[in-house]
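Have a look at this one before I ask anything.
What follows draws every value from the coordinates through simple rules; no lab data is involved. What you are looking at is a predicted structure, and each value in this text was computed from that prediction instead of being measured. Every residue, glycine among them, receives a Cβ derived from its backbone with ideal geometry; neighbour counts consider all protein chains shown.
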Amino acid sequence: MSWDGYLSQHIVGSGLVDQAILIDQSGQSVWGKASDVELTPEEMNKIAFAFNDPTAAQESGITVGGKKYFFGWIDEPADKIPVLFCAMGKEGIIAAKCTSSILVSHFPDTVPANRAVTLITQQAKYLIDNNL
């Protein structure tokens, strides 16, 4: 399965997020991406590490594609899936920790954050159900 295609069709194709990237849970490699999103190794590592210890993210935020977002929360809103939420104004980043991957997405200021969180949580559940 092409993860680029999956991300484009099911996540960005939803219209609720405009960027999506799937990274390994250690924050070391990209498995797939939709749109022109790029994450540096440092950005991936900080996102991955935030799920284990959010202190650094709480203090300095999360950077995605060179843009800084303020830490909001890490929670398990549904199905015990850890979700990281960061925002800058009305737009933001949602990352969900799966079995062996992390789904990272960006939602624009035109989308209510709760709808984007619901979408990413549902897609993370699909990835978990498929051992990803």
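Over the range 3-129, what is the percentage of antiparallel beta bridges among all DSSP beta bridges, to the nearest 5?
Around 100 percent antiparallel, to the nearest 5.
HN-Hα J couplings of the range 99-113 from phi, Karplus 6.51/-1.76/1.60, θ = phi - 60°, integer Hz, Gly and Pro as x?
Residue by residue, the range 99-113 yields 4, 10, 9, 10, 8, 10, 9, 10, 10, x, 5, 8, 10, x, 4 Hz.
Which semi-axes, in whole Å and largest first, does the equivalent ellipsoid of the range 3-129 have when worked out from the alpha carbon gyration tensor as the square roots of 5 times its eigenvalues?
Ellipsoid semi-axes (Å, largest first): 18, 16, 15.
Taking K and R as +1 and D and E as -1, what net charge do the other residues with C-beta under 10 Å from the C-beta of Glu91 add up to?
Around Glu91, the surrounding residues sum to 0.
Explain nothing, just the number: relative contact order of the range 3-129, from Cα pairs under 8 Å at least 6 residues apart, as a whole percent.
23 percent
Modelling each spin label as a point 7 Å along the Cα-to-Cβ direction, I'd like the Lys125/Met88 distance in nm, to one decimal.
Between Lys125 and Met88, the label points sit 3.1 nm apart.
Spin-label point model (7 Å from Cα, Cβ direction): what's the Glu38 to Asp79 distance in nm?
Inter-label distance under the simple model: 3.3 nm.
Step through the residues of the range 43-50 one at a time and calculate ³J(HN,Hα) from phi using the Karplus curve (6.51 cos²θ - 1.76 cosθ + 1.60, θ = phi - 60°), rounding each to whole Hz and writing x for Gly and Pro.
In residue order, the calculated couplings are 5, 4, 4, 5, 5, 4, 5, 4 Hz.
A follow-up question, please. Estimate the FRET efficiency between Asn52 and Thr110 by the formula 1/(1 + (r/R0)^6), using the beta-carbon distance for r and 35 Å for R0, to the nearest 0.05.
0.60
Just to be sure I follow the definition: excluding the sites themselves, where is the longest run in the chain that has none of the trypsin sites (Lys or Arg not before Pro) in a DSSP loop with at most 14 other Cβ atoms within 10 Å?
It runs 1-79.
What list of ³J(HN,Hα) values in whole Hz, one per residue of the range 86-97 in order, does the Karplus curve 6.51 cos²θ - 1.76 cosθ + 1.60 (θ = phi - 60°) give from phi, with Gly and Pro shown as x?
For the range 86-97, the Karplus-derived couplings read 9, 9, 9, x, 9, 9, x, 10, 10, 10, 10, 8 Hz, x marking Gly and Pro.
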